[in-house]
Amino acid sequence: MATVRFGRQGKRPYGFCAKVTLAVFLGLCFIVTWSVFSSPSSSVSSQRSSFSDISITVSGDPKGMDSGVVIGSVFRPKGTPGEGNKSIEEKKKGDPDVGGEDMKGIGDGGLQTKEGGRIDSVAHENGREKVNEDVVDPKKEVKHLKRGGLVAQNVTEVKDLDKETEGEGGGEEGEEEDDDQDIEIDGDVEGDADPNALADEERTEKMQDEIVSSKRTGKKKKIVGPLFDSRAHYTWKLCSVRSKHNYIPCIDVEGNIGRPQSYRHRERSCPKTPPMCLVSLPEGYGTPVPWPDSKSKILYRNVAHPKLAAFIKTQSWLNLSGDHLIFPQNQSEFKGGALHYIDSIEEMVPDIEWGKNIRLVLDIGCTDSGFGAALLDKEVLTLSLGLKDDQADLAQVALERGFPAVIGNLATRRLPFPGGVFDAIHCGECKMPWHSNGGKLLLEMNRILRPGGYFILSTKHENIEAEEAMSTLTASICWNILAHRTDEISEAGVKIYQKPASNDIYELRRKKNPALCKEDENPDAAWYAPIKTCLHKIPAAIEERGTEWPEEWPRRLETFPDWLSNRENLVAEAEHWKSIVNKSYLNGMGVDWSSVRNVLDMKAIHGGFAAALAPLKVWVMNVVPVHAPDTLPIIYERGLLGIYHDWCESFSSYPRSYDLLHADHLFSRLKNRVFRSYCWSQAWIDEDCIASGWQST
């Protein structure tokens, strides 16, 4: 009616104003309609087929840093002495190649830095990887990161075996991944607005636009996470923290300013705001000494620490000589050397048979990595657990030498390992109060120790009171003392305990303290789970894991036990990774494997990738995401190391720990969690969410 009136009034003398008003009104209606039903092409969440127009500038300003997922912290870059803390902006002044053509986008020649780092991206279609296909040709991305800072998304022609793992641990493929928004490289967007708030707001708007568009067309359109905003200017800041170049976000707590010695003396606790900053390189950082030379010497500046400098002066098994930290052969914290020490242990209990019967060892304390070095020569993988109250950062020294190590804490939470996986646990002069708090810490060792496994405890200064308490505690959990002897050369008093291999002995206890755990208590539940003061029953049925000791190494790697319900999938995965590694990884990807020692598989399934690399002189830390099917016990059963982790949080390791990062179907499938979280957060019913099973009517 209003339109008709304006039309009639247009015929009158004053109709010209009415005509103008009508034109403006129709124009506004058109704009509103267009903005509602069209997808904004400039949205942060729009998909891109190229990154060539995005330049990334790294700021050298260490002030005002955010905290959160730290980019480039766990891999080891190539370094040039004296350039450790220079930003790219500073280096551009002296080198025209830095930040110029070599700083082009990821999809156009890669990202070059003075340290020699390069990021390459291939095998993309419309900025997104093809997934959920039986055969991926050539669209399947595999990401790497080597010591020189190489990230390569390789083209592989493989069968998608991820679907075959569904149900292995009771999980679904759609539930196994985290939101890659929490992991993808991002920085500060210039402007007054909060970049995190902007990202969340635009992500929600994009999801709503996608749903409206899919309803109009009648087609289901997959919701994917955003990439970068082409209009924004990204800058990377250096983390301004007390731990500086050794910053570990979920471990280094920056709140206690008045207590400088307490920031690492607590259990894992991640900051509420994810860190978006770069961990700086130590001053004078250099290219790590390659394996196997790193067994005997490393660059001191790569691991320099005031506490470490003081520690070196009191030890004989490591010396500072010029720029290198030297580890003399046959020198150890154990007199007579680590080799004599482990040989004396095998003498005491011949069934141990290092490298055959015993393959996986957890070393508590990580004081001297020479213990793991000596066992490595006998084909034993020793994972050193560096405790968080270790101010000398000796776990970092072990990693720099090329030996497996993680950092953690023995207090109130379980370690991030499944139950009954370690063949032996060693505690040499680790000074742990095993008998305190009702023996809670020893009960945690009992949980992760394999049935029939060995607990080796050595000390030079025996405490009578502690010895009596330890004897009472080990008797209450039915550990049998196999041997107790003081070695004349090492002067260490060694006790070797063995965990029961059946439940019969538990029933013979007069005092049922500690009590047996409830039937529904899962011994493999370890991520942020509290330590239980109870004894888990030993598996008894033949279809249960842990009823039999694994095959001797190396047959253990290729032998799949009877309790596995999907042995065919494991065999297929093993053959799949052997083929891919031999045809592509070793020859066609430009990776200098002579410079690779520490490898992190960010989404291991059954350890097929690590098994394929077994002939090489590398070790692999297999990570099973906490939202994925729990296949980590299978990885240990094969004689490989692994750990649970949630990739929405920072990894529990020192910066520059790994030479190569491998991520197969990790980032491309983290997007599922974005849409799922969106569905759960809506107050209204959404058809797409119902179709996905993430909302109910």
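Report the local net charge at Lys297: Lys and Arg +1, Asp and Glu -1, summed over other residues whose C-beta lies under 15 Å from its C-beta. If you can, show how the numbers build up before the last one.
Numbers: positive: Lys295, Arg301, Arg401, Arg597; negative: Asp293, Asp323, Glu400.
Charge balance in the 15 Å sphere: +1.
Please compute the net charge surrounding Leu516, taking Lys and Arg as +1 and Asp and Glu as -1 over other residues with Cβ under 15 Å from its Cβ. Working shown, then result.
Working: positive: Arg447, Lys499, Arg509, Arg510, Lys511, Lys512, Lys518, Lys532, Lys537; negative: Asp504, Glu507, Glu519, Asp520, Glu521.
Residues close to Leu516 contribute a combined charge of +4.
Near the amide H of Trp619, under 5 Å away, which other amide H atoms are found, from residues 5 or more places off or on another chain, if H is placed in the peptide plane?
Counting only residues 5 or more places away or on other chains, the set is Val599.
Packing-wise, with mean Cβ within 10 Å as the measure, how do 378-386, 306-314, 321-329 rank, highest first?
Details: 378-386: 21.8, 306-314: 12.4, 321-329: 14.8.
Packing order, densest peptide first, comes out as 378-386, 321-329, 306-314.
Tell me the carbon and sulfur percent of the accessible area for the stretch 401-517, rounded to whole percent, probe radius 1.4 Å. Write down the numbers at each step before the final one.
On the way: 2450 of 4890 Å².
Answer for the stretch 401-517: carbon and sulfur cover 50 percent of the accessible area.
Sort 551-558, 480-487, 515-522 by packing, meaning the average of other beta carbons within 10 Å per residue, with the highest value first. Before the final figure, lay out each step's value.
Numbers: 551-558: 16.4, 480-487: 14.0, 515-522: 11.1.
The densest-packed peptide leads the list: 551-558, 480-487, 515-522.
With every protein chain in place, what's the accessible area of Val618 (1.4 Å probe, Å², nearest 10)?
That residue has around 30 Å² of solvent-accessible surface.
To the nearest 0.05, how large is the calculated FRET efficiency for Ile489 and Thr273 if R₀ is 56 Å and r is the Cβ-Cβ distance? List each step's numbers first, then the result.
Details: r = 54 Å, r/R0 = 0.96.
In this case the efficiency is close to 0.55.
Just need the relative contact order of the stretch 491-571 here, percent rounded to a whole number, with Cα pairs under 8 Å and 6+ apart. Show your work: numbers first, answer last.
On the way: 43 pairs, mean separation 19.8, N = 81.
Relative contact order of the stretch 491-571: 24 percent.
I want the antiparallel fraction of DSSP beta bridges within the stretch 292-408, as a percent rounded to 5.
Working: 6 of 16 bridges.
In the stretch 292-408, approximately 40 percent of DSSP beta bridges are antiparallel ones.
Obtain the nm distance between the two label points defined at Glu379 and Ile542 by a simple spin-label model: each point lies 7 Å from its Cα along the Cα-to-C-beta direction.
2.8
Using modelled amide H (1.01 Å from N, peptide plane; none on Pro or chain starts), what sits under 5 Å from the amide H of Leu278, excluding residues fewer than 5 places away?
Counting only residues 5 or more places away or on other chains, the set is Lys237, Leu238, Cys239.
Give me, ordered by chain and number, the residues 5 or more places off Tyr658 or on other chains with an amide H under 5 Å from its own placed amide H.
Hits under the 5 Å cutoff: Phe75, Arg76.
How much accessible area per residue does the stretch 429-486 have, counting only protein heavy atoms and a probe of 1.4 Å, in square angstrom? Write out the running numbers ahead of the final one.
Details: 2620 Å² over 58 residues.
Spelled out: the 1.4 Å probe surface of the stretch 429-486, per residue, equals 45 Å².
Step through the residues of the stretch 490-501 one at a time and calculate ³J(HN,Hα) from phi using the Karplus curve (6.51 cos²θ - 1.76 cosθ + 1.60, θ = phi - 60°), rounding each to whole Hz and writing x for Gly and Pro.
Working through the residues one at a time gives 6, 6, 9, x, 10, 10, 10, 9, 10, 6, x, 9 Hz.
For Phe16 and Arg231, what is the calculated FRET efficiency with R₀ set at 51 Å and r taken between the beta-carbons, to the nearest 0.05?
Details: r = 41 Å, r/R0 = 0.80.
Working from the Cβ atoms, E equals 0.80.
What ranking do 457-466, 399-408 get when scored by the average of other Cβ atoms within 10 Å per residue, highest first?
Working: 457-466: 13.1, 399-408: 25.0.
Per-residue Cβ counts within 10 Å, averaged per peptide and sorted highest first, yield 399-408, 457-466.
About the Cα centre of the stretch 364-461, how large is the charge dipole given +1 on each Lys and Arg Cβ and -1 on each Asp and Glu Cβ? Please answer in debye to the nearest 20.
400
Add +1 for every Lys or Arg and -1 for every Asp or Glu among the other residues with Cβ under 11 Å from the Cβ of Pro539, and state the total.
Here the charged neighbours net out to 0.
The values are calculated or read from the model by the stated rules, or taken from the named source; none is laboratory data. It should be emphasised that the depicted structure is a prediction, and the values quoted were computed from it without experimental measurement. Backbone-built Cβ (ideal geometry, glycine too); neighbour counts: all protein chains shown. We work out accessible area using only protein heavy atoms, side chains counted, and drop any ligands, DNA or RNA first. Shrake-Rupley method; radii C 1.70, N 1.55, O 1.52, S 1.80 Å.
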